[in-house]
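Heads up: the structure comes next, in structure tokens.
Since every read-out is calculated from the coordinates, none of them should be taken as a lab result. The shown structure was predicted, so the numbers you read here are calculated from the model rather than taken from an experiment. Ideal geometry is used to build each Cβ from the backbone, glycine not excepted, and the neighbour counts take in all protein chains shown.
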Amino acid sequence: MATNGETKENQAGRHQEVGHKSLLQSDALYQYILETSVYPREPAPMKELREVTAKHPWNIMTTSADEGQFLNMLLKLINAKNTMEIGVYTGYSLLATALALPHDGKILAMDINRENYEIGLPIIQKAGVAHKIDFKEGPALPVLDQMIEDGKYHGTYDFIFVDADKDNYLNYHKRLIELVKVGGLIGYDNTLWNGSVVAPPDAQLRKYVRYYRDFVLELNKALAVDPRIEICQLPVGDGITLCRRIS
Ligand SMILES: C[S@@+](CC[C@H](N)C(=O)[O-])C[C@H]1O[C@@H](n2cnc3c(N)ncnc32)[C@H](O)[C@@H]1O
């Protein structure tokens, strides 16, 4: 029996609901944050999108509500106007971004899967922010290469959120560091990777967690010594590392 009187079954249910995004000492603590500070302030379109996404079979991929709230505030604090997102899924972090940007703000959003984006699109349209989004279907890397070759996008992005194929994060970093402004931010998501970054070698990890873990470890090491950026790794969601370009 849990200390708050919940049955084990209820606790297990909650764990399923929030567990994969919770790096806190207990799910109850995470639930407390959600119920006290996040859900009551969550904009109605984000709530609707979160609830629609919860019914989708791949819902484990969605950005958590507390991270959505964090991104929304961060973008307002830095007065972001020109942004990019790699890894959209149904669009929860995209909507958090779109709601934070001014009316003439822009988001270049990329994902290999348009079908999932289209689940969230009607909600994004209803929220009146779809005009800020330029969605490109396909792998992000060739688009970034093209932008670098064009030359005109260098140093133009205020904020870039990366939440896609973890085995390419270092490849993204090589390119994004040129596209983000000096003083701008890149946010790499999942840098604590389910807590697996500190798992012992013989730990039982789900196959995909084990596969991507080495890439995440390599990214974290590389960011920590990159002199072109200042960094701050936050235990929000599954871990997000903010990189502020300084040169
Ligand atoms: C964790 S989900 C993104 C979650 C999203 N930020 C949200 O708020 O729900 C990762 C996404 O990355 C996409 N993805 C995987 N490989 C990609 C690639 N090479 N280029 C662009 N997107 C990719 C997947 O299709 C998937 O939708």
> Given H placed on each backbone N at 1.01 Å, which residues far from residue 85 in sequence or on other chains put an amide H within less than 5 Å of it?
Replying inline: 108, 109, 110, 161
>> On a straight-distance basis, which aspartates and glutamates could pair with residue 76 in a cross-link, Cα separation under 15 angstrom, same-chain partners fewer than 8 positions away excluded?
In response: 67, 104, 158
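With r as the distance between the Cβ atoms of residue 44 and residue 125 and R0 = 25 Å, compute the FRET efficiency 1/(1 + (r/R0)^6) and round to 0.05. Walk me through the numbers on the way to the answer.
On the way: r = 14 Å, r/R0 = 0.56.
The value I calculate is 0.95.
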> Hey, got the Cα dimensions of the chain along the principal axes, in Å, largest first?
Replying inline: 61, 46, 32
> Given 0.36 nm per residue, what is the gain on full extension from residue 228 to residue 25 after removing their alpha carbon distance, in nm?
Replying inline: 69.7 nm
>> Output needed: percent of Cα pairs per 10 Å distance bin for segment 39-139, bins running from 0 to the one holding the longest distance.
In response: 17, 54, 28, 1
> Among 46, 73, which comes first, second and so on when ranked by fewest other beta-carbon atoms within 10 Å?
Replying inline: 73, 46
> Relative to the longest principal Cα axis of the chain, at what angle does helix 207-224 sit, 0 to 90 degrees, rounded to 10?
Replying inline: 50 degrees
>> What is the angle, in °, between the Cα long axis of helix 169-179 and the longest principal axis of the Cα atoms in the chain? Nearest 10 is fine, range 0 to 90.
In response: 40 degrees
> Ranked by Cβ crowding within 10 angstrom, fewest neighbours first, how are 154, 173 ordered?
Replying inline: 154, 173
> Once label points are set 7 Å from the Cα along Cα→Cβ at both residue 214 and residue 167, what is their separation, rounded to one decimal in nm?
Replying inline: 1.1 nm
> Could you give the dipole magnitude of segment 129-247 about its Cα centre, charging the beta-carbon of Lys and Arg +1 and that of Asp and Glu -1, in debye to the nearest 20?
Replying inline: 160 debye
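Return the calculated 222 nm mean residue ellipticity for the chain, to the nearest 500 deg cm²/dmol, obtained by summing -39500 (n - 2.57) across DSSP H runs with n ≥ 4 and dividing by the residue count. Walk me through the numbers before you get to the answer.
On the way: 9 runs with 104 residues, N = 247.
For the chain, the value works out to -13000 deg cm²/dmol.
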> So what's the angle, to the nearest 10 degrees on a 0 to 90 scale, between helix 8-18 and the longest Cα principal axis of the chain?
Replying inline: 0 degrees
> If you take the charge dipole of segment 44-245 about its Cα centre, with +1 on Lys and Arg Cβ and -1 on Asp and Glu Cβ, which of 235, 171, 108 is farthest toward its positive end?
Replying inline: 235
>> If the only charges are +1 at each Lys and Arg Cβ and -1 at each Asp and Glu Cβ, what is the size of the charge dipole of the chain around the Cα centre, to the nearest 20 debye?
In response: 300 debye
> Of the residues 109, 80, 127, which exhibits the maximal mean-square fluctuation in a Gaussian network model of the chain defined by a 10 Å Cα contact cut-off?
Replying inline: 127
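Quick one: of 81/221; 81/132; 106/221; 132/166; 181/221, which pairs are farther than 20 Å apart, Cα to Cα? Intermediate results must be reported in sequence, preceding the final value.
On the way: 81/221 30 Å; 81/132 10 Å; 106/221 31 Å; 132/166 26 Å; 181/221 23 Å.
Exceeds cut-off: 81/221; 106/221; 132/166; 181/221.
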